[in-house]
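Presented below is the structure to which this report refers.
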Amino acid sequence: QVQFVESGGGLVQPGGSLRLSCAGSGNIFNFLAIGWFRQAPGKQRELVASITGAGSTNYPDSVKGRFTISRDKAKNMVYLQIDGLKPEDTAAYFCNHASGSGHWGQGTQVTVSS
């Protein structure tokens, strides 16, 4: 089973940027469609970006233009670049199979506040 380890979160002022990292285990990681999800307190977890094994990306309209997902197959990594951070982006961010069917890691907290 693929394990996911997220990192890179932090406290950022509105308008700032962060790059989140997702380290995946296993030889199949690079062939999987991977998604970044977030969950704010009291809200359901939502998919904010996904990338296929071939590198095709997809975003919901709510984050399109500010979120960029990418992967480095040599390092078994998937990244999420977030620009123009807003207070409503505050949440715990997780990576997983794009379907959300894998084991959830600890996530990384992103807090946007002045």
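The values are calculated or read from the model by the stated rules, or taken from the named source; none is laboratory data. All figures in this text were calculated on a predicted structure; none of them were measured in a lab. Don't worry about glycine lacking a Cβ; one is built from the backbone with ideal geometry, like all the others, and counts go over all protein chains shown. What goes into the accessible areas is simple: the full protein's heavy atoms, side chains included, and nothing from ligands, DNA or RNA. Shrake-Rupley method; radii C 1.70, N 1.55, O 1.52, S 1.80 Å.
Taking the conditions (1) surrounded by fewer than 15 Cβ atoms within 10 Å (Cβ to Cβ); (2) in contact (Cβ under 8 Å) with a residue 24 or more places away in the chain; (3) over 14 Å from ASN96 (Cβ atoms) in turn, ASN76 satisfies each one other than (1).
Please work out which residue is least open to solvent (accessible area, probe 1.4 Å), limiting yourself to the range 46-73 and to residues that are closer than 18 Å to SER25 by Cβ and under 13 Å from the mean Cα position of the chain (by Cα).
Initially, the range 46-73 is screened for residues closer than 18 Å to SER25 by Cβ, giving 51, 53, 71-73.
Filter once more, so that each one left must be under 13 Å from the mean Cα position of the chain (by Cα): 51, 71.
Working: ILE51: 8, ARG71: 44 Å².
Looking at residues that are closer than 18 Å to SER25 by Cβ and under 13 Å from the mean Cα position of the chain (by Cα), I get ILE51.
Scan the range 93-107 for residues that are under 10 Å from the mean Cα position of the chain (by Cα) and hydroxyl-bearing (Ser, Thr, Tyr) and the total you get is 1. For the range 37-58, which residues satisfy the criterion of being without any contact (Cβ under 8 Å) to a residue 24 or more places away in the chain and among the aliphatic types (A, V, I, L, M)? ALA54, the sole residue that qualifies.
Tally time: how many residues in the range 90-114 are of a type in the set (Phe, Trp, Tyr) and open to solvent by 60 Å² or more (accessible area, probe 1.4 Å)? Don't jump to the end; show me each part of the working.
Going through the range 90-114, the residues of a type in the set (Phe, Trp, Tyr) turn out to be 93-94, 104.
Then keep just the ones that are open to solvent by 60 Å² or more (accessible area, probe 1.4 Å); that gives 104.
So the answer is 1.
Residue by residue through the range 36-65, note down the ones that are of a type in the set (Phe, Trp, Tyr) and in contact with a Gly (Cβ under 7 Å, 6 or more places away or on another chain).
Matches in the range 36-65: PHE37 only.
Going through the range 79-89 one residue at a time, which ones are open to solvent by less than 40 Å² (accessible area, probe 1.4 Å) and out of contact with any helix residue (DSSP H, G or I) (no Cβ under 7 Å at 6 or more places or on another chain)? Working first, answer last.
From the range 79-89, those open to solvent by less than 40 Å² (accessible area, probe 1.4 Å) are 79-80, 82, 84-85, 89; that's our starting set.
Within the range 79-89, TYR79, LEU80, GLY84, LEU85, ASP89 meet the criteria.
Scanning the range 17-36 for residues that are in contact (Cβ under 8 Å) with a residue 24 or more places away in the chain and either surrounded by fewer than 13 Cβ atoms within 10 Å (Cβ to Cβ) or under 17 Å from LEU85 (Cα atoms) (or both) yields a count of 9.
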